[in-house]
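Step one of this worksheet: look at the structure below.
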Amino acid sequence: MSQPVLTVPTDRDLDQMGEQLRVAIQRLFRRSLHVRHVDAGSCNACESEIKQLTSPYYDLHRLGIFFTTSPRHADLLLVTGPVTRAMEAPLRRTYEAMPDPRLVVGVGACACDGGIFGPSCLTRGGLARVLPVDVFIPGCPPTPFALIHGLLLAIGRAEQKLHRGHMLPTADSEGTGTTRPQALRGIAGGEQ
Ligand code: SF4
């Protein structure tokens, strides 16, 4: 039986994936995707990898991805850790505060199924026990390349939701007259 071959991604792989991400964000999210990151009990190694994304090497800002401190401005919720009991309610409140369409991405083995912490009296044992998750990014911790790949998958999920009509209109909180879901429906309907 052949073994899977592990390959180290090259700069070229990174450039290709970055370009795919940039084009998808431009098309679906009006050029920028805003990410709210919540640490739900991680050991901070996942955070260390996430931090690399804004370093000059990965430079996610050039692709239109920005981290935000406000869930009201976020399109995507990035969660690390197994979700401790103490973080469950704040995590739910963060999710509820986000406008539609909202994407949820679990980062690391802990967010996938509790990882080394598992379910216990102190932890829920994974993000899916608390919120609907669009994409899990495995790894302990996942590499920045895996994180970028996960973001690309999440944007693919946004497109699927759009075509299934799961994206609901929300109030225009910025007074611009056009909500993001409206913009997305415009794209689906062929508007420019
Ligand atoms: S997945 Fe690994 S690196 Fe990430 S929070 Fe859990 S133990 Fe830490």
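The values are calculated or read from the model by the stated rules, or taken from the named source; none is laboratory data. Computed from a prediction, not measured in an experiment: that's the story for all the values here. Cβ coordinates were reconstructed from backbone atoms using ideal geometry, including for glycine residues, and neighbour counts include every protein chain displayed. Each accessible area value is taken on the protein alone, full model and side chains, heavy atoms only, with ligands, DNA and RNA left out. Shrake-Rupley method; radii C 1.70, N 1.55, O 1.52, S 1.80 Å.
Within region 53-75, identify whether any single residue is within 19 Å of residue 143 (Cβ to Cβ), touching a Cys at 6+ places or on another chain (Cβ under 9 Å) and among the hydrophobic types (A, V, I, L, M, F, W, C), and answer yes or no.
no
Quick one: is residue 85 of a type in the set (Lys, Arg), touching a residue at least 60 places away in the same chain (Cβ under 8 Å) and away from the ligand (no atom under 16 Å from the Cβ)?
no
Which one of these does residue 105 not meet: (1) open to solvent by less than 30 Å² (accessible area, probe 1.4 Å); (2) in contact with a Pro (Cβ under 6 Å, 6 or more places away or on another chain); (3) part of a strand (DSSP E or B)?
It is condition (2) that residue 105 fails.
Find the residue count for region 22-72, including only residues that are farther than 27 Å from residue 126 by Cβ, in a helix (DSSP H, G or I), under 14 Å from the mean Cα position of the chain (by Cα) and without any contact (Cβ under 8 Å) to a residue 60 or more places away in the chain.
0
Considering (1) under 19 Å from the mean Cα position of the chain (by Cα); (2) part of a loop (DSSP other than H, G, I, E, B); (3) of a type in the set (A, V, I, L, M), say which one residue 116 fails and leave the rest.
The one condition residue 116 does not meet is (1).
For region 108-149, which positions are among the hydrophobic types (A, V, I, L, M, F, W, C), touching a helix residue (DSSP H, G or I) at 6+ places or on another chain (Cβ under 7 Å) and within 18 Å of residue 50 (Cα to Cα)?
111, 127, 135, 136, 137, 140, 145, 147, 148
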